Structure formats: structure tokens, C-alpha cells
1. Go through the range 80-132 and report how many residues are more than 22 Å from residue 178 (Cα to Cα), in a loop (DSSP other than H, G, I, E, B) and within 13 Å of the chain's Cα centre (by Cα).
2. Pick from 48, 17: which is modelled with pLDDT under 80 and over 19 Å from residue 165 (Cβ atoms)?
3. Which count do you get for residues in the range 147-175 that are free of Cβ contacts under 8 Å to residues at least 60 places away in the same chain, assigned to a strand (DSSP E or B) and surrounded by fewer than 16 Cβ atoms within 10 Å (Cβ to Cβ)?
4. In this structure, does residue 56 turn out to be surrounded by fewer than 16 Cβ atoms within 10 Å (Cβ to Cβ), out of contact with any strand residue (DSSP E or B) (no Cβ under 7 Å at 6 or more places or on another chain), part of a loop (DSSP other than H, G, I, E, B) and modelled with pLDDT under 95?
5. Quick one: residue 142 ticks every box in (1) over 30 Å from residue 72 (Cβ atoms); (2) touching a residue at least 12 places away in the same chain (Cβ under 8 Å); (3) not in a strand (DSSP E or B) bar one, so which box is it?
6. What tally of residues in the range 104-132 results from selecting those that are surrounded by 17 or more Cβ atoms within 10 Å (Cβ to Cβ) and modelled with pLDDT under 95?
7. Could you go through the range 135-143 and let me know if any residue there is in contact with a strand residue (DSSP E or B) (Cβ under 7 Å, 6 or more places away or on another chain), surrounded by fewer than 16 Cβ atoms within 10 Å (Cβ to Cβ) and over 22 Å from residue 64 (Cβ atoms).
């Protein structure tokens, strides 16, 4: 009986601790993910094995989505010429499920970070091996595995929340980054070893 009372008391103390736990609120820049092909996350719902194989992921980006909130973004909040994590909070991560080509550089399948240096007319985009960092504080150019410069363009409409998505093209995909009134397309091609 003494053992039972001791166990009951421990359970009640644990229950009190769990119910007193405060959960964090929603982050102002929620995390999101983009896949190529775009519906790759839904491949388990494919009707046939062929459809499932066609939906196997090639690339996935995990990033946080800061909001414009009436601010001027590029050239103000995000300074031209400075390394930016392409999002908010943790450094943006890109996973290649197969080998790809970025610009003229072959990149092996694996998990990387995606950094940018926005400019008025063009952006430098870097694929880097620094993982699990906050912002661009851990960024080291020595760890870049690929770098490409792409032109920036004006969006048709203002993009309130920073967005990353993929656009399928004939020989691969363009990774699109858009926020405020600015957009860039980064070309990726698939590469078989």
C-alpha cells in the first residue's frame, strides 16, 4: 500500500508539472516548405506506382516566412550587398534528393543551406554546407559548394510574405524567391552521375 501511495503522489506531481508548462506562441515568421516537384509531399496519395515515382522529391526547401508589414524590404530592411539567410529565423535549408547542377556547378545529393546577397539588379545565391545555424551569422564563403548570380525582377503584385516555390522547366526547375516587389529565379538542373 505504501508503494501505491508513493506512485500516486509521483503521478500527481508530474501531472501538475505538465499542466503548468507554458507553450510558446506562434512565431511571427512561420516555417514553411517547398518541394520540387510541387506535390511531392503528397506522393503517398498517388493512384499508381508510376504516379508515385513521378512525384519523388528532387529538392525541398525549409524556410521561415517574414512578413512585409508595410516596410520597404530590399535596400532598407535587407541591405543590398549583405549576406541574407533568404527568410527569417534559422538559416534556410535546401535538400537535394539527387545530384543537381546549379549554374555550371555539380552539387551532390545532401542537405545544405541557401544564402543570398541581394542587389538592386542581381542577386548572388550560394549553396553552403553550414547547417543548423541562426540567420547568416555562421555563414562562411569557404563552405560554399555552388554560387550563381541571377537577375532580379519586379513582381506584378506586392508579395506580403516572403515566398519560395519551384517552377518546372524543360531541363529541371527554377527556385523562385519573392518578397515585396522583387523576385529572382534560380535555375537547377538534374544531373545523373
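1. 2
2. One residue alone meets the criteria, 17.
3. Within the range 147-175, residues that are free of Cβ contacts under 8 Å to residues at least 60 places away in the same chain, assigned to a strand (DSSP E or B) and surrounded by fewer than 16 Cβ atoms within 10 Å (Cβ to Cβ) number 9.
4. Values: surrounded by fewer than 16 Cβ atoms within 10 Å (Cβ to Cβ): yes; out of contact with any strand residue (DSSP E or B) (no Cβ under 7 Å at 6 or more places or on another chain): yes; part of a loop (DSSP other than H, G, I, E, B): yes; modelled with pLDDT under 95: yes.
Spelling it out, residue 56 is indeed surrounded by fewer than 16 Cβ atoms within 10 Å (Cβ to Cβ), out of contact with any strand residue (DSSP E or B) (no Cβ under 7 Å at 6 or more places or on another chain), part of a loop (DSSP other than H, G, I, E, B) and modelled with pLDDT under 95.
5. (2)
6. Final tally of qualifying residues: 1.
7. no
The values are calculated or read from the model by the stated rules, or taken from the named source; none is laboratory data. Source: prediction; values computed, not measured. When we count neighbours, we look across all protein chains shown, and the Cβ atoms used for this are built from the backbone with ideal geometry, even at glycine.
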